[in-house]
Amino acid sequence: MVTRRGVLTLVGGGCVLAAVGAGGFVAANGPSRSARAPWREAGQETEFRRRALSYAILAPNPHNRQPWRVRLDGEDALTLYCDLDRRLPATDPYDRQIVIGHGAFLELLALAAAEDGYGTEVTPFPEGEDMATLDERPVALVRFIEGGAEPNPLFASTLARHTNRSPFDARDVDAGAFAATLSSGNVQGVTANGCGNDALAAQLRDLTWRAHSVEMTTDYTNQESVDLMRIGAREVAANPDGLCLEGPMIGLGRLAGMINREALSDPNSSASQQGMAMFHEAAMSARAYAWLANSGTTRASQISAGRAYMRLVLAAEREGLKVHPWSQSLQEYPEMAGLYREVHDLIGSGQTLQMLVRVGYAKPVVAAPRWPMETHLIA
Ligand SMILES: Cc1cc2nc3c(=O)[nH]c(=O)nc-3n(C[C@H](O)[C@H](O)[C@H](O)COP(=O)(O)O)c2cc1C
């Protein structure tokens, strides 16, 4: 019998480890080690741009698609492109979230370069942009300036920061830690705001859960996630991206035939229902939320939102707080239109909401997989 704690599904991205397990079974069925190699190897490159890139690929990004393509230009520059096959057309029809992921990448690149004393001059969308869709044109040009920056203490949290989807501890978020986190996200013209332990947080708990349910019960949006699931360590190692389901109980559930793509495609299946129950527990444990907003009228504003988000999550980690995006209500597909309006009316203040996350306390989680840095480089 596979229990509630054992079978999971997921929506909205990332990696879920099934709970518990013992002895050799854990060792044999634990998360893929090779898929986490980039976390262990970060910083080992000798050339400064490659060293910075080895950290930048650890940035948070939607559904962990890692859609970054990089060409090194001359001795002191690079061009960043989007791998257009790694977008999420169902849940992110205008590529807004994919661009936020590029912004997070650029911010971590800049922070890593600053560790070596290099400043960065970032020009977003140097050949123009289309707000309806990304295309072959570059996302950004980056020029490195020797001696142009000092190390930033935020960088120290790079390897410890992970999206944390666990239920959060039943305690209020410390006001000072929360304020410091929000203040780090108030950069690049982005407004970071938040609420905790109050009626607004209760409204957001309800709203984010309803949005999650819409995504899971809308065929084509749920299917987008299911298609990106890597079930078990072997699939994760073969494709270290997307949404990973790993751990001993996943091994058991797979053996028992309960966890497979067909079951997860059906919101009424036992695997999906149990996954929903686990996400419900996580959703209801939220006591504080943070959100980032700006004009949202240009691609550069989406890059800025990603840069601000990177700083916010690094600051949260420094402050002992965990972060979990709850993005569904911000997504722009027709079935979400009502909740999109509702969340903007509630907390948008006339701007475009770019990120909405729950913030709290939880035990650390295992790192999400990454493709090796080399795979992102254009020869
Ligand atoms: C724009 C954006 C939206 C995201 N939305 C969600 C979400 O709705 N739910 C979720 O669990 N994770 C979400 N994430 C987190 C990613 O899934 C996560 O960053 C990715 O799986 C890599 O894992 P890591 O952050 O632990 O390195 C989002 C990340 C970004 C940048």
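Any idea how many residues of the range 210-230 are within 18 Å of F279 (Cα to Cα) and in a strand (DSSP E or B)? Qualifying residue count for the region: 1. Taking residues in the range 115-143 that are closer than 11 Å to L80 by Cβ and at pLDDT 95 or above, and partners anywhere that are aromatic (F, W, Y) and in a strand (DSSP E or B), the pairs with Cβ atoms closer than 7 Å and at least 6 places apart or on different chains are P138/Y81; V139/Y81.
One residue stands out among those in the range 139-174 that are within 17 Å of the chain's Cα centre (by Cα) and under 17 Å from L58 (Cβ atoms): the one that is surrounded by the fewest Cβ atoms within 10 Å (Cβ to Cβ), which is A160. Considering only residues in the range 240-265 that are loosely packed, with under 15 Cβ neighbours inside 10 Å and part of a loop (DSSP other than H, G, I, E, B), the one that is modelled with the lowest pLDDT turns out to be A256. Cβ-Cβ contacts under 7 Å between residues 6 or more apart (or on different chains), taken from a first residue in the range 43-65 that is without any contact (Cβ under 8 Å) to a residue 12 or more places away in the chain and closer than 16 Å to W371 by Cβ to a second residue that is small (G, A, S) and assigned to a helix (DSSP H, G or I), are absent.
From the list L88, L53, L72, the one residue that fits, being at pLDDT 95 or above, within 16 Å of the ligand (Cβ to nearest atom) and not in a loop (DSSP other than H, G, I, E, B), is L53.
A quick yes/no check of all residues on (1) farther than 27 Å from G103 by Cβ; (2) surrounded by fewer than 20 Cβ atoms within 10 Å (Cβ to Cβ); (3) out of contact with any His (no Cβ under 8 Å at 6 or more places or on another chain):
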site: A180; (1), (2), (3): no, yes, yes
site: S183; (1), (2), (3): no, yes, yes
site: N197; (1), (2), (3): yes, yes, yes
site: T217; (1), (2), (3): yes, yes, yes
site: V236; (1), (2), (3): no, no, yes
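Of all residues in the range 310-337 being more than 10 Å from the ligand (Cβ to nearest atom) and of a type in the set (G, A, S), which is farthest from Y55 (Cα to Cα)? Selected residue: A337.
Checking the condition crowded, with 19+ Cβ neighbours inside 10 Å and touching a Cys at 6+ places or on another chain (Cβ under 7 Å), which residue from Y309, Y289 passes? It would help to see each step written out before you state the result.
Working: Y309 fails: touching a Cys at 6+ places or on another chain (Cβ under 7 Å).
Step by step, each of Y309, Y289 is checked, and only Y289 is crowded, with 19+ Cβ neighbours inside 10 Å and touching a Cys at 6+ places or on another chain (Cβ under 7 Å).
Among residues of the range 338-379 being among the small types (G, A, S), assigned to a loop (DSSP other than H, G, I, E, B) and at pLDDT 95 or above, the one that is nearest to the ligand (Cβ to nearest atom) is A368. Residue pairs whose Cβ atoms lie under 6 Å apart, separated by 6 or more positions or on different chains, with the first residue in the range 146-161 and under 23 Å from E47 (Cβ atoms) and the second modelled with pLDDT of 95 or more and within 16 Å of the ligand (Cβ to nearest atom), are N152/L111; F155/L111; T158/Y55. Scanning the range 98-137 for residues that are within 15 Å of the ligand (Cβ to nearest atom) and acidic (D, E) yields one hit, E107.
State whether one or more residues within the range 146-153 are in a loop (DSSP other than H, G, I, E, B) and closer than 20 Å to A300 by Cβ. Reasoning before the result, please.
To start, the set of residues in the range 146-153 that are in a loop (DSSP other than H, G, I, E, B) comprises 146-152.
Cutting the leftovers down to closer than 20 Å to A300 by Cβ gives us none.
Within the range 146-153, none of the residues are in a loop (DSSP other than H, G, I, E, B) and closer than 20 Å to A300 by Cβ.
The values are calculated or read from the model by the stated rules, or taken from the named source; none is laboratory data. Note that the structure is a prediction, hence the values are computed from the model and not measured. All Cβ positions, glycine included, derive from the backbone under ideal geometry; neighbour counts span all protein chains shown.
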